[in-house]
């Protein structure tokens with residue numbers, strides 16, 4: 001099998017000197033691309049500093065039917081906020097302000113083994129007043145829901161207490177064994193009903209849109225600058241070699257055209 005001329009091998013070989021020559025020849029592409037990427041990184045850090053985000057937290061302690069036992073199921077209340085109160089607020093806000101996206105969000109949770117409902121929003125400081133209005137509207141709905149449930153249960157217990165007291169008074173005048181037994185049962189039931197009534201507790205807002213520390217971005221400014229320098233250098237080298245590749249391909253195509261003529 002015939003071997004190609006040695007000069008062909010030499011033409012195909014690329015040494016470090018050749019690579020250095022390419023980078024020197026295309027140095028403006030190398031420098032320009034690196035500077036552009038670096039400037040983009042700097043602009044990103046400036047934008048992150050201008051738009052500092054804060055976390056606003058509200059905490060509501062639910063109404064209780066017994067100590068540490070919520071009147072309404074905590075998970076059900078969270079779902080009600082997420083699927084009813086919050087969507088309604090978003091719709092009203094968009095209509096009133098003629099916007100498609102709200103400048104804040106809302107996260108609702110019930111920390112495990114507690115009767116607390118937590119509202120969290122992340123937003124810029126300039127919309128703090130709007131975040132407070134949001135939390136106020138949501139908390140008012142939650143409190144009203146709890147108060148209505150509490151009043152219904154309280155009314156029911158008071159009615160049962162009144163009825164039980166009346167029945168107990170009727171049988172207390174009797175001397176028979178049955179009358180005495182019924183009076184004891186009514187007294188026991190009356191005690192339980194009054195205990196249930198005494199255990200009822202209203203809900204309470206413990207924290208109201210309290211502003212926390214500034215939320216740090218995932219990447220710090222210094223890290224973004226370092227990555228900008230690294231990626232800028234890599235992008236500059238790639239750009240220099242790519243331009244050299246394009247120039248050589250065009251030159252080769254022109255040479256082929258000349259030879260064909």
Relative to the first principal axis of the alpha-carbon coordinates of the chain, what is the inclination of helix 128-172, with its axis defined by its Cα atoms, in degrees from 0 to 90 and to the nearest 10? 20
Could you give log10 I(q)/I(0) at q = 0.14, 0.15, 0.16, 0.18 Å⁻¹ for the stretch 42-136, computed by the Debye formula over C-alpha point scatterers of equal weight, without solvent? -0.63, -0.70, -0.76, -0.89
So, in nm, how far is label residue 128 from label residue 259 when the simple model puts each one 7 Å beyond its Cα toward the Cβ? 7.4
Give the distance, in whole Å, between the Cα centre of the stretch 100-178 and the Cα centre of the stretch 184-203. 19
So for the chain, averaging the separation of alpha carbon pairs under 8 Å that are six or more residues apart and normalising by length, what relative contact order in percent results? 37
Tell me which label goes with the value of Rg/Rh (Cα atoms, Kirkwood Rh) computed from the coordinates here: (1) 0.95; (2) 0.93; (3) 1.44. (3)
Two decimals is fine: what is log10 I(q)/I(0) at q = 0.19 Å⁻¹ for the stretch 128-253, from a Debye sum with one equal scatterer on every Cα and no solvent? -1.06
Any idea what angle helix 27-50 forms with the longest principal axis of the chain, computed on alpha-carbon atoms, 0 to 90 degrees, nearest 10? 20
Rg/Rh of the stretch 48-196 (Cα atoms, Kirkwood Rh), to two decimals, equals 1.26
Compute the FRET efficiency between residue 109 and residue 66 as 1/(1 + (r/R0)^6), taking r as their Cβ-Cβ distance and R0 = 30 Å, and round to the nearest 0.05. 0.85
Taking Cα atoms only, helix 221-260 is inclined relative to the longest principal axis of the chain by an angle, in degrees rounded to 10, of 40
Put in order of increasing Cβ neighbours within 10 Å, starting from the fewest, 191, 38 give 191, 38
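Read the figures in this text as sums done on the coordinates, not as results from a lab. Note that the structure is predicted; figures quoted are calculated from it, not measured. Please note: Cβ atoms are built from the backbone with ideal geometry, for glycine as well, and neighbour counts cover all protein chains shown.
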